[in-house]
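The values are calculated or read from the model by the stated rules, or taken from the named source; none is laboratory data. Everything numeric here is computed off the predicted structure, so don't read it as measured data. Ideal geometry is used to build each Cβ from the backbone, glycine not excepted, and the neighbour counts take in all protein chains shown. The protein model used for the area step is the full one, side chains on, heavy atoms only, and it has no ligands, DNA or RNA in it. Shrake-Rupley method; radii C 1.70, N 1.55, O 1.52, S 1.80 Å.
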Amino acid sequence: MSIIVIGTGPAGIQAAIHAARGKTAVTMIGKRTNSAMYGAHVENYFGIPGRTEGSEILNTGIEQAVSFGSKHIEENVIAMERSGDVFIVRTESGNEIEGKAVILASGISRTKLNVPGEKEFFGKGVSYCASCDCNFYKGKRVAVVGDESEAAASAELMTRYASAVFWITKDTKASDVMIKKAADAGAEIISENLAEIMGKEKVTRIKFTDTSMLNVDGVFIELGGRSSSDLAMDIDVMPNADGTINVNEKCETSVSGVFACGDITGKPWQIAKAVGQGAVAGMNALAYVKGDKNVG
């Protein structure tokens, strides 16, 4: 049975390297461009003189993990579930991967849309997690904003709760499978850019760049893939109020077989810490699937 690593940032890559070196099947899932490190400049990490592009380090790290036997699927994860002692991970193309252990390493940050009203109405109609807040919008009109498959998945999800769902996507990058799912479920796809979120005490409408308006009760901003904290709830790991996940010294969460490392475990948000935790998580996930209790 394999180990599934969700995330291709420093923590996830290092976890995959350590786990794969143990001669166990490892599948690393995630788009490298989703890592906060991808567009960053690195100059304070051990062994890297001067300033280096974060994308170069990530590309090298992924190649290294693959060279040790890890498989890399460059897709977003849209859902997870637990069936007994087996974890099932679903990706945007419809792939299902099963594993005995999961390492959550896809980060914590939520990409902001940065439009007027977004900050003001956060928690008053603006949400960054459809799976978290869907129950609050039963019978209401909602907009889902985003171009990736996560937005498509959220739009499809919200059709089960809301009376009307509008998926706002100007430059759709979602897979054909996810676009069809959203459309077949009844989500109306609007090819336009959102310019402003409006209301008084709560969200009542949105404005597009062409100045047209649409009445909605809620706006779900889903830019990129789901964070580790969102995915954790799918498998009964409850994040803290700030989105972080508690782990012990072995990077174990409260659910057996689920490990977490990197930014999702809290500050400091530094590469060195992420890599160190990735090594710990990788080794202990490997020990878990092999039944070795002596790894520390």
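Yes or no, residue by residue, for (1) open to solvent by less than 60 Å² (accessible area, probe 1.4 Å); (2) in contact (Cβ under 8 Å) with a residue 40 or more places away in the chain; (3) under 28 Å from Ser256 (Cα atoms):
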position: Val26; (1), (2), (3): yes, yes, yes
position: Thr33; (1), (2), (3): no, no, no
position: Gly39; (1), (2), (3): no, no, no
position: Ile48; (1), (2), (3): yes, no, no
position: Ser55; (1), (2), (3): yes, no, no
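Looking at region 156-166 only, could you name the residues that are in contact with a Ser or Thr (Cβ under 9 Å, 6 or more places away or on another chain) and surrounded by 24 or more Cβ atoms within 10 Å (Cβ to Cβ)? Steps first, please.
From region 156-166, those in contact with a Ser or Thr (Cβ under 9 Å, 6 or more places away or on another chain) are 157, 165; that's our starting set.
Listed by number, the list holds a single entry, Val165.
Anything in region 264-288 that is in contact with a Lys or Arg (Cβ under 9 Å, 6 or more places away or on another chain) and more than 16 Å from Ile17 (Cβ to Cβ)? List them, or say none.
Thr265, Lys267, Lys273, Tyr288
Would it be correct to say that Asn248 is surrounded by fewer than 23 Cβ atoms within 10 Å (Cβ to Cβ), of a type outside the set (A, V, I, L, M, F, W, C), without any contact (Cβ under 8 Å) to a residue 12 or more places away in the chain and closer than 30 Å to Val165 by Cα?
no
Of all residues in region 132-151, count the ones that are touching a helix residue (DSSP H, G or I) at 6+ places or on another chain (Cβ under 8 Å), over 13 Å from Phe166 (Cβ atoms) and buried (at least 18 other Cβ atoms within 10 Å of the Cβ).
Looking only at that region, the number is 2.
Mind checking which pairs have a first residue in region 115-126 that is within 15 Å of Tyr137 (Cα to Cα) and a second that is of a type in the set (Val, Ile, Thr) and at pLDDT below 95, Cβ under 8 Å, 6 or more apart or different chains?
Filtered contacts from region 115-126: Val126/Ile221.
Select from region 85-119 the residues that are within 12 Å of Thr27 (Cα to Cα) and touching a helix residue (DSSP H, G or I) at 6+ places or on another chain (Cβ under 7 Å) and write down the one among them that is surrounded by the most Cβ atoms within 10 Å (Cβ to Cβ).
Filtering region 85-119 for residues that are within 12 Å of Thr27 (Cα to Cα) and touching a helix residue (DSSP H, G or I) at 6+ places or on another chain (Cβ under 7 Å), the one surrounded by the most Cβ atoms within 10 Å (Cβ to Cβ) comes out as Ile103.
Can you tell me which of (1) open to solvent by less than 10 Å² (accessible area, probe 1.4 Å); (2) more than 19 Å from Leu223 (Cα to Cα); (3) of a type in the set (Gly, Ala, Ser) is the one Gly125 doesn't meet?
If we test Gly125 against (1) open to solvent by less than 10 Å² (accessible area, probe 1.4 Å); (2) more than 19 Å from Leu223 (Cα to Cα); (3) of a type in the set (Gly, Ala, Ser), just (2) comes out false.
When Gly278 is evaluated against the numbered criteria (1) in a loop (DSSP other than H, G, I, E, B); (2) open to solvent by less than 20 Å² (accessible area, probe 1.4 Å); (3) within 19 Å of Arg32 (Cα to Cα), which criterion, by number, is the only one it fails?
Every listed condition holds for Gly278 apart from (1).
So which residues in region 251-273 are open to solvent by less than 10 Å² (accessible area, probe 1.4 Å), among the hydrophobic types (A, V, I, L, M, F, W, C) and at pLDDT 95 or above, if there are any at all?
Passing the criteria: Cys251, Val258, Phe259, Ala260, Cys261.
What are the residues in region 200-225 that are under 13 Å from Pro116 (Cβ atoms) and open to solvent by 30 Å² or more (accessible area, probe 1.4 Å), if any?
Arg205, Lys207, Thr209 - these are the residues of region 200-225 that are under 13 Å from Pro116 (Cβ atoms) and open to solvent by 30 Å² or more (accessible area, probe 1.4 Å).
Taking Val237, is it open to solvent by less than 40 Å² (accessible area, probe 1.4 Å), in contact with a Ser or Thr (Cβ under 7 Å, 6 or more places away or on another chain), assigned by TED's automatic domain parsing to the domain that holds Thr33 and among the β-branched types (Val, Ile, Thr)?
Answer is yes for this residue.
One residue is enough: does region 167-179 have a residue meeting the conditions of a type in the set (Phe, Trp, Tyr) and open to solvent by 10 Å² or more (accessible area, probe 1.4 Å)?
First pass over region 167-179, keeping only residues of a type in the set (Phe, Trp, Tyr): 167.
Those left that are additionally open to solvent by 10 Å² or more (accessible area, probe 1.4 Å): none.
No, every residue in region 167-179 fails to be of a type in the set (Phe, Trp, Tyr) and open to solvent by 10 Å² or more (accessible area, probe 1.4 Å).
What are the residues in region 57-84 that are of a type in the set (Val, Ile, Thr), out of contact with any Pro (no Cβ under 8 Å at 6 or more places or on another chain) and open to solvent by 40 Å² or more (accessible area, probe 1.4 Å), if any?
Thr60, Val66, listed by residue number.
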